[in-house]
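K.L.:
Let me begin by handing over the structure; questions about it come next.
The values are calculated or read from the model by the stated rules, or taken from the named source; none is laboratory data. The shown structure was predicted, so the numbers you read here are calculated from the model rather than taken from an experiment. Quick reminder, even Gly has a Cβ in these numbers, built from the backbone with ideal geometry, and neighbours come from all protein chains shown.
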Amino acid sequence: MPVIRLDLAALLKAGSLSEAEAARLESLALPDRRGNLLVNVLLIFGALAVSAAAIALVPNAATGLTLALGALVGAEALRRLAPGEAFSVLSSGLALMGTLGLAGWIGWQFGDAPSATATALLITGVLTAGAAWFRSAFLAALAVLALGAVFGSGTGYWHASYALFVEEPVITISVFGALAAGFYRVRTIVDAAWSLLLTVAARTSIILVHFAFWVGSLWGDLLGDSGWRQTRYDDYAAYEAWEKTAIALPEWPFSIGWAALAIALAMLTRRGGFLSVSAMVFLAIHAYTQYFEVFGAEPGTLLLAGLTLVGLAVGLTAYLRKEHLAQIHPPGPGPDSPPAE
């Protein structure tokens, strides 16, 4: 049910409510939790300040691990000893701090391990456990992103630049496409408490699928490239020999497949929902990317693209207006219509 806000004083002044009706509505109002929220936020920032000071004073992995475990213990204690809404924000904040701190400790301790895949899997397991135990949708999204690192997906940042990389587009599309379908299917048969987690995980998986199509539409895919380089990174001669016999997919299957997927999701899913809206967004990104890849920023092609976009906008406006009028004034039964049952 939607939340409805009423200005009782204004309604009383306008004569739209009686004193008795206003008193009854005021008694049904939700309690003002802004005070509790402020206390929780202050406690969270206090905990962050203490953690930062402790790490600065004793900068080693053991300090980080101790703080992370302490945050997890605090979150669980608040959940069990202070149930309800009073400290729910603080409990959630401590759960995030503890889980992310533990994942960061794993990355710190095992960042130089021979196999980065094992470290990524361990971090994925920690984030998944935290999401399930604390019912955290944010951790569920991070768990999916951490799993993407297992297959060579991730992001990078440096001064004034941000990068997205997907080293195995085909594997990423296959794995996370199957995960998204599975999450959407399972959420229809589980309790409501798990539905939000599964929905967020499915949506994050869909975003990774779109990203993989994006990268594949630009550079194609060399199957098994990331795994091969992890095991024999310094043997360039052997890598070049392997590359000549490896299975390579060109860009065009990804371009066609991405457009087909986006159009199907936009047309076949609920209008205004995440799948349809995100599909339209990525379809626009796809068109923008392919335009500059194929035509470049030439005056003639820019003019053609502008006229095409204006035409599409005019046509879409006419279509939406026609559909809106059809919803307001649905056609009545015709002479050949079957009798109502």
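K.L.:
Among the residues of the range 258-278, what is the count of those that are free of Cβ contacts under 8 Å to residues at least 60 places away in the same chain and either assigned to a helix (DSSP H, G or I) or among the acidic types (Asp, Glu) (or both)?
P.N.:
Initially, the range 258-278 is screened for residues free of Cβ contacts under 8 Å to residues at least 60 places away in the same chain, giving 258-273, 276-277.
Subsequent filtering for residues that are either assigned to a helix (DSSP H, G or I) or among the acidic types (Asp, Glu) (or both) retains 258-268, 276-277.
Matching residues across the range 258-278 total 13.
K.L.:
When the residues of the range 261-290 are narrowed to those that are of a type outside the set (Val, Ile, Thr), within 24 Å of Thr301 (Cα to Cα) and more than 18 Å from the chain's Cα centre (by Cα), which ends up surrounded by the most Cβ atoms within 10 Å (Cβ to Cβ)?
P.N.:
His286
K.L.:
Say we look at the range 5-39 and pick out the residues that are modelled with pLDDT under 80 and of a type in the set (S, T, N, Q); which of these is surrounded by the most Cβ atoms within 10 Å (Cβ to Cβ)?
P.N.:
If we take residues in the range 5-39 being modelled with pLDDT under 80 and of a type in the set (S, T, N, Q), then Asn36 is surrounded by the most Cβ atoms within 10 Å (Cβ to Cβ).
K.L.:
Hey, among the residues in the range 166-196 that are more than 19 Å from the chain's Cα centre (by Cα) and farther than 25 Å from Trp258 by Cα, which one's modelled with the lowest pLDDT?
P.N.:
Per the stated criteria, the residue is Ala192.
K.L.:
Please go through the range 126-169 and give me each residue that is closer than 23 Å to Leu222 by Cβ, in contact with a Phe, Trp or Tyr (Cβ under 9 Å, 6 or more places away or on another chain) and of a type in the set (A, V, I, L, M), ordered by number.
P.N.:
Matches in the range 126-169: Leu147, Ala163, Leu164, Val166.
Yes/no per residue for (1) of a type in the set (Asp, Glu); (2) assigned to a helix (DSSP H, G or I); (3) under 22 Å from Pro250 (Cα atoms):
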residue: Tyr162; (1), (2), (3): no, no, no
residue: Phe165; (1), (2), (3): no, no, yes
residue: Ser174; (1), (2), (3): no, yes, yes
residue: Arg185; (1), (2), (3): no, yes, no
residue: Thr188; (1), (2), (3): no, no, no
residue: Leu197; (1), (2), (3): no, yes, no
residue: Ala201; (1), (2), (3): no, yes, no
residue: Val215; (1), (2), (3): no, yes, yes
